[in-house]
Amino acid sequence: MKTRSVVLAGATGLVGREMLTRLLADASIGVVHALVRRQLDLQHPKLTEHLVRFAALPQFPAVDEAYLALGTTIKAAGSQAAFRAVDFDANLAVARAAQDAGARRVGLVSAMGANAHSNIFYNRVKGEVEEAIKALNFEALVIARPSLLTGDREALGQPPRAGEKLAAVGGGLLRLFIPADYRPISAANVAHALLNRVPTARGIEVLLSGAMQS
């Protein structure tokens with residue numbers, strides 16, 4: 001059986017780490033090229049780490065698919081420009097490099113509310129990167145738009161986000177009254193949805209948060 005080769009950007013984040021775990025356990029995957037800025041606390045026969053600067057990426061080895069899970073917050077980044085450098089510039093740079101390496105399929109972690117014409121900076125940047133990657137004309141592009149993510153950030157060495165904790169509690173108490181697309185969603189569900197769709201998708205598909213709920 002021919003195995004697939006994939007590149008993953010964002011393996012240290014909530015969704016990215018879930019994707020990495022699932023990709024390494026997938027018998028159809030031969031190698032996972034993880035692009036990281038700091039070394040992972042993980043070793044696996046299928047895993048090849050690449051310490052990179054996303055502003056100056058090296059040429060990738062041949063890959064079949066790319067998964068883009070890079071993301072931050074304006075608070076963590078320190079400025080709107082620094083936020084855009086991650087959520088727009090870095091994701092687009094990886095998409096272009098993956099395409100040059102032969103990737104025909106891409107999975108992108110975006111966000112509910114993504115809209116290139118939004119007056120909200122966060123939503124606008126998310127929408128702009130979606131549009132930029134669409135313009136690369138991959139055989140398949142699957143865009144996941146999760147609502148507020150839940151997961152154990154502290155286990156990944158990340159500070160907890162108060163908004164996500166409050167949303168998780170509120171979502172549990174008021175779940176029936178919150179539209180499905182705006183309920184908190186686990187990072188594991190988002191990872192599962194993307195990895196399930198990308199290998200067989202055609203054209204552009206958008207997975208809204210409600211559709212990714214378990």
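Among the residues of segment 20-36, the one identified as over 19 Å from Ala62 (Cβ atoms), outside any helix (DSSP H, G or I) and open to solvent by 40 Å² or more (accessible area, probe 1.4 Å) is Ala27.
For segment 68-86, does any single residue satisfy the condition of being in a strand (DSSP E or B) and either in contact with a His (Cβ under 6 Å, 6 or more places away or on another chain) or not polar (S, T, N, Q) (or both)? Yes.
Here is a check on your reading of the model: is Thr48 more than 24 Å from Ile204 (Cβ to Cβ) and in a strand (DSSP E or B)? For Thr48, the condition - more than 24 Å from Ile204 (Cβ to Cβ) and in a strand (DSSP E or B) - is met.
Among the basic types (Lys, Arg), at pLDDT 95 or above and within 14 Å of the chain's Cα centre (by Cα) - does that describe any residue in segment 81-89? No, there is no match, as no residue in segment 81-89 is among the basic types (Lys, Arg), at pLDDT 95 or above and within 14 Å of the chain's Cα centre (by Cα).
If you check Arg4, Arg38, Arg105, which single one turns out to be under 25 Å from Glu128 (Cα atoms) and touching a residue at least 24 places away in the same chain (Cβ under 8 Å)? I'd like the intermediate steps shown before the answer.
Details: Arg4 fails: under 25 Å from Glu128 (Cα atoms); Arg38 fails: under 25 Å from Glu128 (Cα atoms).
The unique qualifying residue is Arg105.
Remark: pairs (first residue in segment 84-99, within 10 Å of Ala132 (Cβ to Cβ); second residue assigned to a helix (DSSP H, G or I) and open to solvent by 30 Å² or more (accessible area, probe 1.4 Å); Cβ separation under 7 Å; 6+ apart in sequence or on different chains) = Phe88/Glu128. Against the test of being of a type in the set (S, T, N, Q), in contact with a Gly (Cβ under 8 Å, 6 or more places away or on another chain) and modelled with pLDDT of 95 or more, the options Asn119, Asn123 yield a single qualifying residue, Asn123. Every listed requirement among (1) within 13 Å of the chain's Cα centre (by Cα); (2) surrounded by 23 or more Cβ atoms within 10 Å (Cβ to Cβ) is met by Ala103 save one, (1).
Here Asp64, Asp87 are screened, and the one residue that is out of contact with any strand residue (DSSP E or B) (no Cβ under 6 Å at 6 or more places or on another chain) and acidic (Asp, Glu) is Asp87.
Whether a residue is of a type outside the set (Val, Ile, Thr), at pLDDT 95 or above and surrounded by fewer than 16 Cβ atoms within 10 Å (Cβ to Cβ) was assessed, and Ser110 does not pass this test. Checking each residue in segment 113-142 for being among the hydrophobic types (A, V, I, L, M, F, W, C) and surrounded by 18 or more Cβ atoms within 10 Å (Cβ to Cβ) picks out Ala114, Val125, Val129, Ile133, Phe138, Ala140, Leu141, Val142. Applying the criterion of being of a type in the set (Gly, Ala, Ser) and under 13 Å from Leu8 (Cα atoms) to the residues of segment 72-100, the residue that is surrounded by the most Cβ atoms within 10 Å (Cβ to Cβ) is Ala98. Of all the numbered requirements in (1) touching a strand residue (DSSP E or B) at 6+ places or on another chain (Cβ under 9 Å); (2) outside any strand (DSSP E or B); (3) crowded, with 19+ Cβ neighbours inside 10 Å, Pro58 misses one, and that requirement is (3). Scoring Arg17 on the criteria (1) closer than 24 Å to Val125 by Cβ; (2) touching a residue at least 24 places away in the same chain (Cβ under 8 Å); (3) open to solvent by less than 30 Å² (accessible area, probe 1.4 Å) leaves a single failure, condition (3).
The values are calculated or read from the model by the stated rules, or taken from the named source; none is laboratory data. The model shown is predicted, which means the values in this text are computed figures rather than measured ones. As a convention, Cβ positions derive from the backbone with ideal geometry for all residues, glycine included, and neighbour counts pool all protein chains shown. We work out accessible area using only protein heavy atoms, side chains counted, and drop any ligands, DNA or RNA first. Shrake-Rupley method; radii C 1.70, N 1.55, O 1.52, S 1.80 Å.
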